[in-house]
Amino acid sequence: MARFTIDDIDYAQNGSGTPHAIPELRAQLPVSADAVRQIAASDRDDYYIGVLESPVKYHPGPDFDWSRPQPQLTGTDDDGRFVSVLAVVIVALMAGSQVHAGMRGFPVQLAYIIDNTVSEDTELQFAKCDLIGWAMISDATPAADT
């Protein structure tokens with residue numbers, strides 16, 4: 001899997017995530033991303049960084065720490081202050097299952113990368129991301145010419 005599409009997003013049933021961000025992201029779907037790197041975290045080693053084809057707007061909650069994103073990725077619109085999200089982190093919802101080629105409607109946890117210095121890290125730092133919710137993704141890698 002080199003490319004995937006985020007087809008849908010839902011609230012994390014375990015109470016984690018950012019519930020107010022679900023309707024906002026859902027309105028911007030589908031969106032495609034290029035899986036550029038697999039990265040380990042403290043809990044498992046099968047996270048993937050996906051660079052979005054086009055930025056997604058994220059209006060964080062009132063307790064958001066605005067020192068986390070790079071200033072050039074923030075802005076203001078009619079709905080308030082936002083972050084232009086350029087990349088996401090995904091991991092299979094169920095440990096033991098794998099993001100894989102040919103998948104359709106595959107369940108993952110999806111987080112926005114808020115601090116883009118994550119690309120320089122050897123291990124994923126959760127403080128640089130905001131967990132949004134449970135997403136369904138599909139492989140969008142173009143078929144090879146035969």
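The values are calculated or read from the model by the stated rules, or taken from the named source; none is laboratory data. No experiment lies behind these values; they were computed from the predicted model shown. Because the Cβ atoms are built from the backbone with ideal geometry, glycine has one as well, and the counts that use them run over all protein chains shown.
Residues in the stretch 46-64 that are over 15 Å from the mean Cα position of the chain (by Cα) and surrounded by 12 or more Cβ atoms within 10 Å (Cβ to Cβ): 64 alone. Residues in the stretch 51-68 that are of a type outside the set (Phe, Trp, Tyr), touching a residue at least 40 places away in the same chain (Cβ under 8 Å) and in contact with a Ser or Thr (Cβ under 9 Å, 6 or more places away or on another chain): 56, 60, 61. Might you let me know whether the stretch 77-87 holds any residue that is farther than 28 Å from residue 42 by Cα, free of Cβ contacts under 8 Å to residues at least 24 places away in the same chain and part of a helix (DSSP H, G or I)? No; the residues of the stretch 77-87 include none that is farther than 28 Å from residue 42 by Cα, free of Cβ contacts under 8 Å to residues at least 24 places away in the same chain and part of a helix (DSSP H, G or I).
Remark: residue 73 falls outside the filter, which requires a residue to be closer than 27 Å to residue 141 by Cα and out of contact with any Lys or Arg (no Cβ under 7 Å at 6 or more places or on another chain).
Select from the stretch 88-101 the residues that are without any contact (Cβ under 8 Å) to a residue 40 or more places away in the chain and in a loop (DSSP other than H, G, I, E, B) and list them in ascending order. It would help to see each step written out before you state the result.
Here is the first cut: in the stretch 88-101, the ones without any contact (Cβ under 8 Å) to a residue 40 or more places away in the chain are 94, 96-97.
94, 96, listed by residue number.
Whether any residue in the stretch 77-90 is surrounded by fewer than 20 Cβ atoms within 10 Å (Cβ to Cβ), modelled with pLDDT under 95 and not aromatic (Phe, Trp, Tyr) is what I want to check. No.
Any chance the stretch 50-63 includes a residue that's at pLDDT 95 or above, closer than 22 Å to residue 124 by Cα, touching a strand residue (DSSP E or B) at 6+ places or on another chain (Cβ under 8 Å) and of a type in the set (Phe, Trp, Tyr)? Checking the stretch 50-63: at least one residue is at pLDDT 95 or above, closer than 22 Å to residue 124 by Cα, touching a strand residue (DSSP E or B) at 6+ places or on another chain (Cβ under 8 Å) and of a type in the set (Phe, Trp, Tyr).
Against the definition (hydroxyl-bearing (Ser, Thr, Tyr), closer than 19 Å to residue 106 by Cα and surrounded by 13 or more Cβ atoms within 10 Å (Cβ to Cβ)), how does residue 5 come out, yes or no? It is true that residue 5 is hydroxyl-bearing (Ser, Thr, Tyr), closer than 19 Å to residue 106 by Cα and surrounded by 13 or more Cβ atoms within 10 Å (Cβ to Cβ).
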